Structure formats: C-alpha cells, structure tokens
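The values are calculated or read from the model by the stated rules, or taken from the named source; none is laboratory data. What you see is a predicted model; the values in this text were computed from it and never measured. FYI the Cβ positions are ideal-geometry reconstructions off the backbone, even for glycines, and counts take in every protein chain you see. We work out accessible area using only protein heavy atoms, side chains counted, and drop any ligands, DNA or RNA first. Shrake-Rupley method; radii C 1.70, N 1.55, O 1.52, S 1.80 Å.
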Amino acid sequence: MKHLKNLIYLIVTTLLLSSCISFGGGDKNGSDAQFLVLQTNNENKIANGASLSLMEVKKGEAKYTTLNAYYPHSDLRNNVDIAKQRVAMGLHRDFNNDGSSRRTNGGWFDIEAPTCEIPPLLPSGKGRYSYFDVSSAKVSDSGHIFYLSASNDADYYDQYRASLVRYNPATDKLETALNPDGFIISQPEKGWDTEASLFKSQFYPSADGRYVYGMLSAFGLDFGSYHYDYEILFKYDFDTETYTRLGDAEDKHVIILGATSDKNYVAYSTSVNKTYLRKIVNVSTNKTSTCTITGGQAYSNTSRWNKTGYCSGETNNTIGVYNLVSDTFTKINTPARPEYAQFSSGGDFLYFMIESATGKFLLKTSDLTETTKIDTVCTLQSSVYEYMVIK
C-alpha cells in the first residue's frame, strides 16, 4: 500500500508539473535574474568540494559561475546575508584553521570580485580563543558587515558572551558596540540579581549602517546557576553609542521574527498577560501595531522578507504571503511542495524550488495574488542545494 501511494504521488506530481507549468519561461520577470547558489560536492554533501556559485538565468537557461570554494556553516538561510552584491556569511567548520573546539570564522566577498575575505575577530582572552557567531552575519546597503564576535575571555560573565561589532571593509575598521549591561539593568523589569545581558543573533542593520535593531536577554546568577529574567528589543546607534528600547512597555519576553527588507519594521512575538501576540514596530517612531494573522515559518533570513512582511512555504503545496503592515494573508497554490520560497529583489513576486522525479526546477509567480500565474524559470543542476535571490 505504501509503494502504491508513492507511485500515485509521483504520477500526480509529474502530471501537474507538465500540465500546469510552462517550462522554459521567457517571461521578462524570469530573465536576467541572478542568484547565489550553494552547490554540493561530488558526494552530495556540504563539505570539501562544495562551492558558492553565481547563477544567471536568461531565456530559461541557467549559467553557473563558481565564485569561490567557501561555503556556509550549514546553509544559506541561516548563515548568509546579501545586500547590493556583497555577501557576508558564517563559515563551515572546515575553515577553522587552528582546529580549536568551538572556534568558527566568518567570510565576506563581492559578487563582482568573489575572493573571500575573513573579517577580523575580537582579540582572545588569555588562554582562550576568538570566534565568529556563524548565524549572525549581516550586511547593510552601505557595505558594512555586522556580526557577533566573542573573545571567550576569562571573566566569568564574558567567557561565553559575544559582542556586537561593525566592520567597514573600505577602511578595515572594526568597531565594537558599547557593552549593553548598563542599558539592560536600567530597565524597570530588573530583578534583584539581574546583572548582565546577552545579544541574540537575530538582529538587523539599517540601510545606512548606522543603526542595529535586535534583542537582548537579561540574566543573572542564582547560587551559581544562570537564569534569564527578560528579553527586550533594542535600537543601537553606532555613531552616538547609545541604546534605545523598542516596543511596548509590557513586552518583557520577546522573540524576533524578522525585519522588513527596507528595515523600517521589526516583527516580533511576545506574551502579555499569558496572551500570545504578534507585533510590528516602526524603528523610527517606535509605534507598534498588533497583527491578527499568525502562522508560517517566519525565517529571519532577509530573503524571505519584502517591505511589508514575509513568505513561507507551507506543507500543503501552498506558499503563504504574510503582509504584516496591512495584517492580511494570501495563499498561493503551487503544483508541488515548494522549497525555499523567497521574494524577488523588488519584492513583488516569488521564487521557489520544487524537486520531482524529473529533476529540480526553479519557479516563479507573476505577482502576489491568489490567482497568480506560475512559470518555470529554469531547470536546476542536481548539485544545487539551495539558492538566494541577489538583492
């Protein structure tokens, strides 16, 4: 019976692909598109021999150009960010040159000049080592690269904490954000033993590279054990070295969902009086609004976000478009289960990948409506593990 179900699924999928999608494309939205592609090695693994490539699609044909032999810690979604042809990423452990336990590095390069450079880390403490938080790499439109770097210092509170840094490749200048402990313990939620704070890797720089919007966890020690007291949103100004709290006063335990592509809004969830809420906050005015729509896999990766919200591949052959600004949801039916759904560079239509018995394909919608037309952009090489739209 199981084999029969698999056969039926295969037949139905093949029929849908051949009858509902026009292969070869030709639509102007699918031509002259560029994607960063993660390709596996000959053993179909993200390991030695894997690579990052530039995939350019013209008239339904994909051309691949290997950029470099570096690859991210796990995948593009969790370890890579792109802005204006500049790529920043947390590197795979294969690029940990000294072999120290837990040590990791980051990398950055420009699509036009793809030699991968290793950004500087904070100096290590005595008998310890520096490392790069591989899930924190971000790049702003200004070209600045942001990440969390830790010196793993000998101080009890600092040995496992990372600092927020901003690196300017044009000047080779590394700046460290002001220690947030003073800011965190000045909040009204401060407990009797709240002593320090911890940056979370879900943060987002402004387009000009001046501000960072993120989340801090406040913690203390209770008879030698760590305990977390509250989590709040913050806005940090690198020019003035000041922190500002974002969100509402009752937002004491927040989780960041992501930020819109223009970085005007940060989306987050919080629990108020045991009620789960989703909110967005305008980072300039600090005005918040509550969203009634919920659901979807709100990956924090910027490729899933446009100026109004995020997209999510669902489990039932659909893609959900969650417009948090207008608080509306749109369901788009797809011919097979969509993988790695993300917005185009302009944010007005979607790309997604499907895999069937006949191969891997990159598809696109014509718009963001439920009646959208779906076309095939190109057939993908079997080694394509994942892709990201170059924004």
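Taking the numbered list (1) under 19 Å from ASN306 (Cβ atoms); (2) modelled with pLDDT under 95; (3) surrounded by fewer than 17 Cβ atoms within 10 Å (Cβ to Cβ) in turn, LYS391 passes all entries but (3). Inspect region 208-220 for any residue being closer than 17 Å to LEU122 by Cβ and either at pLDDT below 90 or surrounded by 17 or more Cβ atoms within 10 Å (Cβ to Cβ) (or both) and give the result as yes or no. Scanning region 208-220, I find at least one residue that is closer than 17 Å to LEU122 by Cβ and either at pLDDT below 90 or surrounded by 17 or more Cβ atoms within 10 Å (Cβ to Cβ) (or both), so the answer is yes.
Give region 322-339 a look and list any residue that's within 13 Å of ILE354 (Cβ to Cβ) and of a type in the set (Gly, Ala, Ser), or say none. Selection gives ALA336 alone.
Only one of the numbered conditions (1) hydroxyl-bearing (Ser, Thr, Tyr); (2) modelled with pLDDT under 95; (3) under 30 Å from PHE234 (Cα atoms) is not met by SER289, and that is (2). Residues in region 322-364 that are farther than 20 Å from VAL37 by Cα and either hydroxyl-bearing (Ser, Thr, Tyr) or in contact (Cβ under 8 Å) with a residue 40 or more places away in the chain (or both): 13 in all. Quick one: in region 222-256, which of the residues that are over 26 Å from the mean Cα position of the chain (by Cα) and polar (S, T, N, Q) is modelled with the highest pLDDT? Of everything passing the filter in region 222-256, THR240 is modelled with the highest pLDDT. Scanning region 65-85 for residues that are in contact (Cβ under 8 Å) with a residue 60 or more places away in the chain and under 13 Å from PRO114 (Cβ atoms) turns up ILE82, GLN85. ASN179 - would you say it is assigned to a loop (DSSP other than H, G, I, E, B), at pLDDT below 95, open to solvent by less than 10 Å² (accessible area, probe 1.4 Å) and not acidic (Asp, Glu)? Spelling it out, it is not the case that ASN179 is assigned to a loop (DSSP other than H, G, I, E, B), at pLDDT below 95, open to solvent by less than 10 Å² (accessible area, probe 1.4 Å) and not acidic (Asp, Glu). Listed by position, the strands (runs of 3 or more DSSP E) contained in region 31-115 that have at least 2 residues being open to solvent by 40 Å² or more (accessible area, probe 1.4 Å) are 51-58, 61-68. Tell me, please, whether a residue that is under 21 Å from the mean Cα position of the chain (by Cα), closer than 20 Å to THR294 by Cα and open to solvent by 10 Å² or more (accessible area, probe 1.4 Å) can be found in region 341-353. No, region 341-353 contains no residue that is under 21 Å from the mean Cα position of the chain (by Cα), closer than 20 Å to THR294 by Cα and open to solvent by 10 Å² or more (accessible area, probe 1.4 Å).
If the condition is being part of a loop (DSSP other than H, G, I, E, B), free of Cβ contacts under 8 Å to residues at least 40 places away in the same chain and open to solvent by 30 Å² or more (accessible area, probe 1.4 Å), then region 182-193 contributes ILE185, SER186, LYS190, TRP192. Restricting the first member to region 194-215 and to residues that are free of Cβ contacts under 8 Å to residues at least 40 places away in the same chain, and the second to residues that are in a strand (DSSP E or B) and open to solvent by 30 Å² or more (accessible area, probe 1.4 Å), the beta-carbon pairs closer than 7 Å and six or more apart or on different chains are THR194/ASP229; GLU195/LEU221.
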